[in-house]
Amino acid sequence: MNIGILGTGNLAEALGAAWTRAGHEVTIAGRSPAKAEALADRLGAGARAADAREAVTGRDAVLLAVTWTGAADILHSAGGHEGTLEGTPLIDPTNAVEHGVGVLLTGAESMAERVAALAPGAHVVKALHLFASTQWTAPDPERPPVTVAMCGDDQAALKTVGDLVRDLGGVPAVLGPLARARQLEEVAGFTIGLFFSGVDPRSALPGLG
């Protein structure tokens, strides 16, 4: 696949590296062209930098690898409001939560629904928001493959994202339509809150301790 990545941080690098190793091509864009170029150089063959609009145009999937507060700006730079992502699977791994507390900060709507409104016509899939980037760079060989819960409204987009999850070494599990994204985001807030309280979240979930 040809994948666009919006963002140049740890998650963008971890997933970009895994996907290029799997034989995909990635096009990277961020607020800083220099950082995008540097990341593409680190990823090597199969990766290149571009501006945000080019990074999302004609891609098989796009990863929104920025903080939730930066989502609106990068999607606007990519022309999302103009329909540049129409028909494209758009992976949303953002967590709109209060740092160290885990309380959702998007009101009644989910962050995934907000992303969908910022990029009309995109097939938003909520996924990959429950794992740190180190899950994909240094997986625990003693544990079975992780299950990546995700939700979305378009079946073809869910299949595409599921295939990319498998390329990361995960197992995709579709929870339901995008209307259930807030439930997934609340799970992230729950686990983040436990972690910052000094509790291993796995100990609070059946079968994960």
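The values are calculated or read from the model by the stated rules, or taken from the named source; none is laboratory data. None of these values were measured; they are calculated from a predicted model. Backbone-built Cβ (ideal geometry, glycine too); neighbour counts: all protein chains shown.
For region 70-85, a tally of residues being surrounded by fewer than 16 Cβ atoms within 10 Å (Cβ to Cβ) and touching a residue at least 24 places away in the same chain (Cβ under 8 Å) returns 4. Can you spot a residue in region 190-207 that is under 23 Å from residue 80 (Cβ atoms), without any contact (Cβ under 8 Å) to a residue 40 or more places away in the chain and assigned to a loop (DSSP other than H, G, I, E, B)? No, every residue in region 190-207 fails to be under 23 Å from residue 80 (Cβ atoms), without any contact (Cβ under 8 Å) to a residue 40 or more places away in the chain and assigned to a loop (DSSP other than H, G, I, E, B). Of the residues making up region 175-186, one or more are modelled with pLDDT of 95 or more and part of a loop (DSSP other than H, G, I, E, B). Restricting region 147-183 to residues that are among the aliphatic types (A, V, I, L, M) and in contact with a Gly (Cβ under 6 Å, 6 or more places away or on another chain), which is surrounded by the fewest Cβ atoms within 10 Å (Cβ to Cβ)? Selected residue: 158. Looking across 30, 58, one residue alone is farther than 16 Å from residue 115 by Cβ and either within 14 Å of the chain's Cα centre (by Cα) or surrounded by 15 or more Cβ atoms within 10 Å (Cβ to Cβ) (or both). It is 30.
Here residue 20 fulfils each of the conditions (1) of a type in the set (Ser, Thr, Tyr); (2) buried (at least 22 other Cβ atoms within 10 Å of the Cβ); (3) within 26 Å of residue 156 (Cα to Cα) apart from (2). Pairs meeting the criteria (first residue in region 94-123 and of a type in the set (Ser, Thr, Tyr), second residue part of a strand (DSSP E or B), beta carbons under 7 Å, at least 6 apart or on different chains) are 94/64.
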